[in-house]
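See below for the structure under consideration.
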């Protein structure tokens, strides 16, 4: 899981001495190192505060209508993102926190397993795409009870009930598998994001 970021430009959020820690909630990154490269110039390494290590299980939902509104809502809720999620569709009902979450990167995708006491939402540190295709990893998995949604503007939000164990592959190719990327582009245009 990603807990560091590299950049060739300084972050406004990290204009502090290298390694200086900030109190919780004050800033999203901490400058961990600076190094000069012969080809790239100055390179900065940042430690991310509270990165999503597949432990973001939302129990509170906020619905917005546009991509810009979603980005603004995420920015406003950066201290509660483990329990809040921004969506573009109605999700009625109550949600339980997921537990025993296991996430593994695999060839062409990942595997996710989790349990809960009811319906749950897991915000995955994976960019949402219509090309992500779940397959049951266990015989008891009922794919009709699992839903992939766009959460927090760009991430994959997995809705499941009681337990889940799926392999998710990124299915994209030139021979008949390109329509999912076209749907991704249409989704973004519908949400007000134009290229």
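The table below lists the values:
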item: Scan of the stretch 44-70 for residues that are out of contact with any strand residue (DSSP E or B) (no Cβ under 9 Å at 6 or more places or on another chain) and surrounded by fewer than 19 Cβ atoms within 10 Å (Cβ to Cβ), ordered by number; result: 50, 65, 66, 68
item: Among residues of the stretch 71-93, those that are assigned to a helix (DSSP H, G or I), surrounded by 13 or more Cβ atoms within 10 Å (Cβ to Cβ) and free of Cβ contacts under 8 Å to residues at least 24 places away in the same chain, counted; result: 2
item: Exclusive hit being farther than 30 Å from residue 115 by Cα and more than 20 Å from the chain's Cα centre (by Cα), set 185, 178; result: 178
item: Only listed residue being in a strand (DSSP E or B) and at negative phi, chosen from 138, 163; result: 163
item: Hits in the stretch 32-43 - residues which are touching a strand residue (DSSP E or B) at 6+ places or on another chain (Cβ under 6 Å) and at pLDDT below 85; result: 32, 37
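The values are calculated or read from the model by the stated rules, or taken from the named source; none is laboratory data. Small disclaimer: the values here were computed from a predicted structure and weren't measured. Every residue, glycine among them, receives a Cβ derived from its backbone with ideal geometry; neighbour counts consider all protein chains shown.
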